[in-house]
1. Just the residues that are of a type in the set (A, V, I, L, M), open to solvent by less than 60 Å² (accessible area, probe 1.4 Å) and outside any helix (DSSP H, G or I), please, taken from the range 50-76.
2. Please specify each residue of the range 207-226 satisfying the condition of being assigned to a loop (DSSP other than H, G, I, E, B) and either open to solvent by less than 10 Å² (accessible area, probe 1.4 Å) or within 16 Å of the ligand (Cβ to nearest atom) (or both).
3. If ILE192 satisfies every condition in (1) open to solvent by less than 10 Å² (accessible area, probe 1.4 Å); (2) touching a residue at least 60 places away in the same chain (Cβ under 8 Å); (3) not aromatic (Phe, Trp, Tyr) but one, which is the exception?
4. Name the single residue, out of those in the range 331-363 being part of a loop (DSSP other than H, G, I, E, B) and aliphatic (A, V, I, L, M), that is farthest from MET154 (Cα to Cα).
5. Could you identify the single residue in ALA65, ALA101 that is in contact with a helix residue (DSSP H, G or I) (Cβ under 9 Å, 6 or more places away or on another chain) and not hydroxyl-bearing (Ser, Thr, Tyr)?
6. Does ASP293 fit the bill of being within 16 Å of the ligand (Cβ to nearest atom) and more than 17 Å from the chain's Cα centre (by Cα)?
7. Would you be able to tell me the number of residues in the range 267-301 that are of a type outside the set (Lys, Arg) and assigned to a helix (DSSP H, G or I)?
8. If you go through the range 83-100 one residue at a time, do you hit one that is open to solvent by 70 Å² or more (accessible area, probe 1.4 Å), touching a strand residue (DSSP E or B) at 6+ places or on another chain (Cβ under 6 Å) and under 29 Å from LEU294 (Cβ atoms)?
Amino acid sequence: MYKSVETILVDIPTIRPHKLSVTTMQTQTLVLVKVTAENGVVGWGEATTIGGLNYGEESPESVKANIDTYFAPLLLSIKKSLNVAQTLTLIRKSINGNRFAKCAIQTALLDIQAKKLNLPLSEVLGGRLRDRLPVLWTLASGDTDKDIAEAKKMIELKRHNIFKLKIGSNALQHDVDHVIAIKKALGTDISIRVDVNRAWSELECIQGIQQLQDGGIDLIEQPCAIEQTNVLGRLTQRFDVAIMADEALTGPDSAYRLAQQHAADVFAVKVEQSGGLIEACEVAKIAKLAGIDLYGGTMLEGPIGTIASAHAFSTFDSLAFGTELFGPLLLTEDILKTPLQYENFELVVPQAAGLGIEIDEDKIEQLRRKA
Ligand SMILES: [Mg+2]
């Protein structure tokens, strides 16, 4: 049983403009959910989105409105003792859609459950197979020389040695030339991937991907529109370079459909897109059964959503393409008392109970959106 559910919007400037085909971000709005159980144990979750409604179907404001109006009263109305699975079933029966909000609530409930059991959250999900996750960096300044300098600095700092480039907002040849120039500057040992964020038609995909494959690029992420799973499938058959589904993947149902068509070589698993940590693990299982590789994706969450994702990803059998759990590193302010541990090109999955992080509530109070 629960005492309170609070949704907090926190606006934090990014360290530099983050340019995607769908938007350019200067600020990230973290959507934080704090659930307090009747015994006083507090759980946290996050439902942050990329660029408001530019990326997905939920916005920070809609998540807050729906949690405050529907999820919170439902949770507070529970009068008998339900376990997490029974509570999630009740939520699913009462509330359609709203995967990001559902993920935040589920994360908070699992955080509480893991704290009660005095175990890291990963152990409540079946148990971790690794304590560290490789983390790539996204070069998204939009400027080739700046991106090369940023990559070299990251390699020197031992922060990241895999890079993803956000393309699709410029003319195709301009973008392809930009990517190849960066690949050439960084050399054969450094893995370069691209995320087109669904900007290309099928013909543009064929033209662009052929050049990127010839140029030594390792992974092509969501090149075509979300609903064009047939196109994604044809590209997967046509090219040797790995093709990854990202936006097209919206939980276990879509994972099952994409797997049946073998419409991708790799799935970008995101806990929010999946509708929760448990569902993200289901997506990973479907991928494994279908022979599809895995990549741990991000909605550019702050530290809460990032570490929740890390707990889930740490349980995956294989994570062939690593993760992009760098969200907190893109922000100018931290909301934790001790920052997440990034070292030697990896993120460390905490050992302490629950999410294993300590929230700085004073900092959140300072940064929260007031109106
Ligand atoms: Mg993506």
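The values are calculated or read from the model by the stated rules, or taken from the named source; none is laboratory data. What you are looking at is a predicted structure, and each value in this text was computed from that prediction instead of being measured. Backbone-built Cβ (ideal geometry, glycine too); neighbour counts: all protein chains shown. What goes into the accessible areas is simple: the full protein's heavy atoms, side chains included, and nothing from ligands, DNA or RNA. Shrake-Rupley method; radii C 1.70, N 1.55, O 1.52, S 1.80 Å.
1. Correct list: ILE50 only.
2. ILE217, ASP218, GLN222, PRO223, CYS224, ALA225, ILE226 - these are the residues of the range 207-226 that are assigned to a loop (DSSP other than H, G, I, E, B) and either open to solvent by less than 10 Å² (accessible area, probe 1.4 Å) or within 16 Å of the ligand (Cβ to nearest atom) (or both).
3. Of (1) open to solvent by less than 10 Å² (accessible area, probe 1.4 Å); (2) touching a residue at least 60 places away in the same chain (Cβ under 8 Å); (3) not aromatic (Phe, Trp, Tyr), only one is false for ILE192: (2).
4. In this case the residue turns out to be ALA353.
5. ALA101
6. Criteria not met by ASP293.
7. Total satisfying the criteria: 16.
8. No, the range 83-100 contains no residue that is open to solvent by 70 Å² or more (accessible area, probe 1.4 Å), touching a strand residue (DSSP E or B) at 6+ places or on another chain (Cβ under 6 Å) and under 29 Å from LEU294 (Cβ atoms).
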